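K.L.:
Got a structure for you, written out below as structure tokens; questions coming shortly.
The values are calculated or read from the model by the stated rules, or taken from the named source; none is laboratory data. Quick caveat, the model's predicted, so the values are computed rather than measured. Cβ placement follows ideal geometry from the backbone for every residue including glycine, while neighbour counts extend to all protein chains displayed.
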Amino acid sequence: MTNATLESLEGEAGKFTAKVHRLPRFINEDLCTACGVCTMYCPVLVSDTYNEELAITRAPHKDYPQAVPASFYIDPKKCLFLNYETCQICIPTCQAKAIDFSQKEERLDLSVGAVILAPGFGRISDKVLARYGYGRFPDVVTSLEFERIMCASGPSRGEIIRPSDGKHPQKIAFLQCIGSRDITSGNGYCSSVCCMYAVKEATVVKEHAPDVDISIFYMDMRTAGKGFDASRQRARDTHHLRFIRSRVAEVRERGDKLRLSYADSEGNHKEDDFDMVVLSVGLESPEDAQSLAVTAGIKLNQYDFCDTKAFLPLDASRPGVYVAGAFQGPKDIPESVMQAIGSAAAAAEILHEARGTEVIRKEYPSEMGIAEEPRIGVFVCHCGINIGGVVNVSEVASYARTLKDVVSVDDSLYSCSQDSQKVIKDAIKEHNLNRVVVAACTPRTHEPLFQETLRDIGLNRSLFEMVNIRDQCSWVHAHEPKEATAKAKDLVRMAVAKARLLYPLPEQTVPVIPKALVIGGGIAGMTAALSIAEQGFECFLVENSAQLGGNLRRLKTTLTGEDPGQLLNEVETRARNHPRIKVYTNTQVENVSGYIGNFASTLSTETGSEVIEHGVVVVATGGREHRLKKYLYGQSKHVLTQLELEEILSSPEKAKKINEVVMIQCAGSRGDDLSYCSKLCCGQAVKNALRLKELNPAASIYVLYRDVRTYGFMEDYYREAREKGVVFINYEKENPPVVMPNDDKITVEFMDVLLGEKVKLEPDLVTLSVGIVPNEVEELAKLLKIPLTQENFFLEAHVKLRPVEMAVSGVYVCGLAHSPKPIDESISQARAAAGKACVPLSKGFVAVEPIVSSVGKDKCIGCGICESLCPYKAIHLIKVDKKKKAETITASCKGCGICASHCPTLAISMGGFTNEEIMAQIRAFGEC
Amino acid sequence: MGREHGAKSGAVLVVGGGVAGVQAALDLAEMGFHVYLVEKSASIGGAMARLDKTFPTNDCAL
Amino acid sequence: MDQDSFKPKILGFLCNWCCYAAADSAGVGRYQYPPNLRTIRLMCTGRIDPMFIIEGFACGADGIFAGG
């Protein structure tokens, strides 16, 4: 429901009544074909909010070409008819008759069991931006505006130009932390995403124009996420980006340049001129956060983001209401996606009894048998003027009639419309068609629609072929109608040639054993197991050590003041007593065989081995503190890790004896033993520093850091630590602090950049932030055939959009096994992994697209090339009559066809893409 | 809706059609729940749809 | 040969998930390119058997494009 807002939320978890207010679009979504003619005729200019008001559109429009829903809408604030009852010029221009000014606003009462709030984030106010010249100087732009300027579909078609004079900027400055980490702007927190997007934007500029000089003015480079540091490093080295650690004080205009004044890291005043300044604006809470909080009955934190607890990061303060994305706190896309899946799992936990009660299922008629002889119907679409305006559609249609086996041809204005589906169905019946070819737009969006039409009439959906004569023909050859028409004919001929050979493919499903195996009994594993069990499924929780809890057992406090011990107790008790969870400690996973829906695993327990069957696997094998051989660790009793210090600080008597501590951040990380940033050590150091200050306010604490990465709301604690007198001193990677033995004591020597001289201290303790390494998982990864990163973390299927799934279907990852992360993120991710794992479990089957491979057993010689090449572990050798034969595991097959193209005996056939079909297409290509 | 009185609803309301809202809605639907996705603007996609490319892989955001 | 008069016949094998999608995007963005290309959609360029290429040339292709 677009143009809609939540007005009220009554009731309680399990049975809410939500009132939703929906404003009209004034264009009928079902009729609109998104041709854009109405926009062309509308006389009213409207600034384009999608393009950050850098471009102009008109009252009827859609936000961007790929917008969903794909239909247009009319801006009610600008439309002449809606405001002055004149004009209406758009109505006659719309051939689809979709414009409907009679649409009224609606109020709907919805019965729902749970609510997920994901309203996103708001913008930093112009007042804050004005301090940096925004609004006064046209060449000071926000990072979001710059994003549009760079984009190929943006206002300048991807050409990077200055808004003032349209010239290409030669020197660009990025200013970080605009509206973030700045209490004067009201935002004490760090927005967590700006460092990454600034590096990205700078990289894109450099790829467009390598000679542009780019400086990034920053306080700390907080590229803490998985693989982020490596990308920043690469960007800096390949593109020679200049990073300047400084907060810019002022932006002035100087001729046609912008002059920045700043103080460098040695404290010297500097000035420099730039052609363009990009403000890396932070993430504000959503504009309507307060009203939404009142409506939904939830609490906000001091910055108007949704208030959550560290151990329940997805639960808003009202039961049954969950939160995901930037509204819970500034965060990037993968983190938002994880929370989204996790909050879906949370909703499923409380509503699992009602699962499926309100889903509408569709029934299809049984499939008719088809005659041997191909009888092909071809339907050519005009798509309004989108195709018809360039390609001569009737010429293409007449040409199709001349092709072999084509018995019916039709053309329609919009072949995707409802009445056209009826035309297709009628033609199938009347002409007894057994193959259907539609020449229209792209199969990537519209193939399912036409396949559905075939199924509705009882024809197998694999008897369909689509020809793309819009996106890849009329639209890209708009000025060459003759050639475009010729191309359309060729493509239709090729499709008909293929269609002749199409045959019905079975709709395959694979049943799923509704049980899960969770490997690893730390907080991530326990959280995942509990979520799966609460969603109604049985779960095996396997831990290789003697007790559950993992690293959580060693935590004494959290930055936000929660009690990890209590959490451990609660979660462990719930896991051990849950009727649907079976806990195994001192147990290893020896072997895993099978595929999504049907795994069989051998567990070796203290009492012997046991085979369990399950449908999915969640990997939560965790990580641990790195052990390094530097800074006298393990040689001097004065040198500890942060976790060891945390242990000492749990006893106030011992803490009071500590008068001076030097903490060394990134000890062994970020380009040393470990290449990466462990994301959580800065928070840990701040936590321990604050704890020590609380127990012994006189203690001197020095934190030697490279970048302080207290992102999000952790920034508040970093500020508090500085206010309480904890001293933070920056060091460079090339010039790390030195720890030396000094009789029974210890000496630390480091360079203080501000003082410009070396400092020597003799602290009671040196605490090292050593970073996180994954537990040993090579064996397990091999068993599951899942790739690991260079650092031995599990590699997810897609960094941004599939952060808990892996290349092998039915296997999910969470917690430190995925990457180093703080506890709240592990908990969100664990719930997300449980959510994804419960998708096949709830369905009870895995549906398989008919494009999978199949092996002709007669031709197969059992060479095994296919098995060794398959990236999805979807084909394997079995013994048939004592001979080795390949067999497809349909549930895992993605239809890529690598096996088929490498099979020496051509024994493997791909559904819908057989050798014969493709060869027929190639030969038909040759006929032109 | 034909449910007996007092039983839990099998539907979920998702407020916001950005990447988080859309992801939550898709997963709930896959899990067998009816989803109402409420978005205040005219199209879903939210902030991510405005991005040119994404860090660190510089993949297209759309 | 005169470059303007040469109108090559090019056969393209496009991966559904990337290059075919990119070709669609080119259309959405109304990029214009010469109309010499005829394409075959595959689910992955890994599907391309060398015999497809040979057959393509044998059938008169002047160039073959594999996009994945």
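K.L.:
Search segment A:860-879 for residues that are part of a loop (DSSP other than H, G, I, E, B) and pair each with any residue that is exposed (fewer than 14 other Cβ atoms within 10 Å of the Cβ) when their beta-carbon atoms are under 8 Å apart and the residues are at least 6 apart or on different chains.
P.N.:
A:Cys860/A:Thr905; A:Ile861/A:Pro904; A:Ile861/A:Thr905; A:Gly862/A:Lys883; A:Cys863/A:Pro904
K.L.:
Related question: Quick check: anything in segment A:66-82 in contact with a Ser or Thr (Cβ under 7 Å, 6 or more places away or on another chain), farther than 30 Å from A:His446 by Cα, within 13 Å of chain B (Cβ to nearest Cβ) and assigned to a strand (DSSP E or B)?
P.N.:
no
K.L.:
Continuing with this model, one more query. Checking A:Val476 against (1) at the interface with chain C (Cβ under 7 Å from one of its Cβ atoms); (2) closer than 17 Å to A:Phe379 by Cβ: exactly one of these is not met. Which one?
P.N.:
It fails just one condition, (2).
K.L.:
Hey, can you tell me all the residues within segment B:6-40 that are part of a loop (DSSP other than H, G, I, E, B), more than 7 Å from every other protein chain (Cβ to nearest Cβ) and either within 9 Å of the chain's Cα centre (by Cα) or at pLDDT 85 or above (or both)?
P.N.:
B:Gly17
K.L.:
Does segment B:45-55 contain at least one residue that is at pLDDT below 90, more than 15 Å from A:Ala347 (Cβ to Cβ) and either more than 7 Å from every other protein chain (Cβ to nearest Cβ) or part of a strand (DSSP E or B) (or both)?
P.N.:
Yes, segment B:45-55 contains a residue that is at pLDDT below 90, more than 15 Å from A:Ala347 (Cβ to Cβ) and either more than 7 Å from every other protein chain (Cβ to nearest Cβ) or part of a strand (DSSP E or B) (or both).
K.L.:
I want to confirm something. Restricting to segment A:434-449 and keeping residues that are buried (at least 24 other Cβ atoms within 10 Å of the Cβ) and closer than 24 Å to A:Ala371 by Cα, which single residue is farthest from the other protein chains (Cβ to nearest Cβ)?
P.N.:
Among those that are buried (at least 24 other Cβ atoms within 10 Å of the Cβ) and closer than 24 Å to A:Ala371 by Cα, it is A:Asn434.
K.L.:
I need the strands (runs of 3 or more DSSP E) fully contained in segment A:3-53, keeping only those with at least 3 residues that are crowded, with 19+ Cβ neighbours inside 10 Å.
P.N.:
A:4-12, A:15-22
K.L.:
Now for a separate question. Inside segment A:879-897, can you point out the residues that are in contact with a strand residue (DSSP E or B) (Cβ under 9 Å, 6 or more places away or on another chain), at negative phi and at the interface with chain C (Cβ under 9 Å from one of its Cβ atoms)?
P.N.:
A:Cys896
K.L.:
Let me ask something else. List, please: which pairs have Cβ atoms under 9 Å, are six or more places apart or on different chains, and start with a residue in segment A:518-540 that is of a type in the set (Phe, Trp, Tyr) and end with one that is part of a loop (DSSP other than H, G, I, E, B)?
P.N.:
Close Cβ pairs (under 9 Å, with a partner that is part of a loop (DSSP other than H, G, I, E, B)) amount to A:Phe537/A:Pro514; A:Phe537/A:Arg580; A:Phe537/A:Gly615.
K.L.:
Also: Exactly one condition in (1) out of contact with any Leu (no Cβ under 7 Å at 6 or more places or on another chain); (2) in a strand (DSSP E or B); (3) of a type outside the set (Asp, Glu) is not met by A:Val467; state its number.
P.N.:
Against the list (1) out of contact with any Leu (no Cβ under 7 Å at 6 or more places or on another chain); (2) in a strand (DSSP E or B); (3) of a type outside the set (Asp, Glu), A:Val467 comes up short only on (1).
K.L.:
Of the numbered conditions (1) surrounded by fewer than 18 Cβ atoms within 10 Å (Cβ to Cβ); (2) in contact (Cβ under 8 Å) with a residue 60 or more places away in the chain, A:Asp419 satisfies every one except a single condition; which is it?
P.N.:
It fails just one condition, (2).
K.L.:
Out of A:Phe274, A:Phe305, which single residue is more than 29 Å from the chain's Cα centre (by Cα), farther than 29 Å from A:Gly671 by Cβ and of a type in the set (Phe, Trp, Tyr)?
P.N.:
On inspection, the qualifying residue turns out to be A:Phe274.
K.L.:
What about A:Lys77, is it surrounded by fewer than 16 Cβ atoms within 10 Å (Cβ to Cβ), within 26 Å of B:Ala49 (Cβ to Cβ) and of a type in the set (Lys, Arg)?
P.N.:
Here the answer is yes, as A:Lys77 does meet what is asked.
K.L.:
Could you figure out which of (1) crowded, with 20+ Cβ neighbours inside 10 Å; (2) part of a loop (DSSP other than H, G, I, E, B); (3) of a type outside the set (Lys, Arg) isn't true of A:Ile116?
P.N.:
(2)
K.L.:
Determine which single condition A:Ser854 fails, assuming it passes every other condition in (1) without any contact (Cβ under 8 Å) to a residue 24 or more places away in the chain; (2) closer than 17 Å to C:Leu42 by Cα; (3) assigned to a strand (DSSP E or B); (4) not hydrophobic (A, V, I, L, M, F, W, C).
P.N.:
The number of the failed condition is (1).
K.L.:
Now a separate question. Pairs please, first residue from segment A:904-926 and at the interface with another protein chain (Cβ under 9 Å from one of its Cβ atoms), second anywhere and surrounded by fewer than 19 Cβ atoms within 10 Å (Cβ to Cβ) and among the basic types (Lys, Arg), Cβ atoms under 9 Å, 6+ apart in sequence or on different chains.
P.N.:
Close Cβ pairs satisfying both conditions: A:Leu906/A:Lys859; A:Phe925/C:Lys9; A:Gly926/C:Lys9.
K.L.:
Of all residues being within 7 Å of chain A (Cβ to nearest Cβ) and aromatic (Phe, Trp, Tyr) in segment C:21-68, which is nearest to A:Cys893 (Cα to Cα)? Just the residue, please.
P.N.:
C:Phe52
K.L.:
When residues of segment A:314-357 are filtered for being within 28 Å of B:Leu51 (Cα to Cα), within 7 Å of another protein chain (Cβ to nearest Cβ) and part of a helix (DSSP H, G or I), how many remain?
P.N.:
9
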